[in-house]
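> My structure is below; once you've seen it, I'll send some questions.
FYI, it's all coordinate maths here, none of it is from the lab. If you're wondering where the values come from, they're calculated on a predicted model, not measured in any experiment. We place every Cβ from the backbone using ideal geometry, glycine too, and count neighbours over all the protein chains shown.
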């Protein structure tokens, strides 16, 4: 999965976008790390753009970024 969320400490969750890789890996019976990595890279920017649109914010409004790998 690739997920992007925008959270405001006063207003709470402003946006949540999620892309599933289940179909990508279905034929392999499990996660293929190289395919997963490429797919994360391919989907990250579009998900950020969608989350910003959903929240009504721009990148300039973002104060911090957190991620897991």
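> Would you mind ranking 8, 63, 39 by Cβ crowding within 10 Å, fewest neighbours first?
63, 8, 39
> Oh, and also: I need the semi-axes of the equivalent ellipsoid of the chain: take the C-alpha gyration tensor, multiply each eigenvalue by 5, square-root it, list largest first in whole angstrom.
Output for the chain: semi-axes of 27, 11, 11 Å.
> Applying 1/(1 + (r/R0)^6) with R0 = 35 Å to the Cβ-Cβ distance of residue 23 and residue 61, what FRET efficiency is obtained, to the nearest 0.05?
According to the calculation, E is roughly 0.60.
> Residue 1 versus residue 38, label points 7 Å from Cα toward the beta carbon: distance in nm?
2.4
> Please state the relative contact order of the chain as a whole percent: Cα pairs under 8 Å, 6+ residues apart?
That works out to 34 percent.
> What is the helix-to-structure angle for 33-55, meaning the angle in degrees between its Cα long axis and the longest Cα principal axis of the chain, kept from 0 to 90 and rounded to the nearest 10?
20
> If you don't mind, another one. Per residue of the chain, what 222 nm ellipticity follows from adding -39500 (n - 2.57) for every DSSP H run with n ≥ 4, rounded to the nearest 500?
After summing the helix terms and dividing by residue count, I get -12500 deg cm²/dmol.
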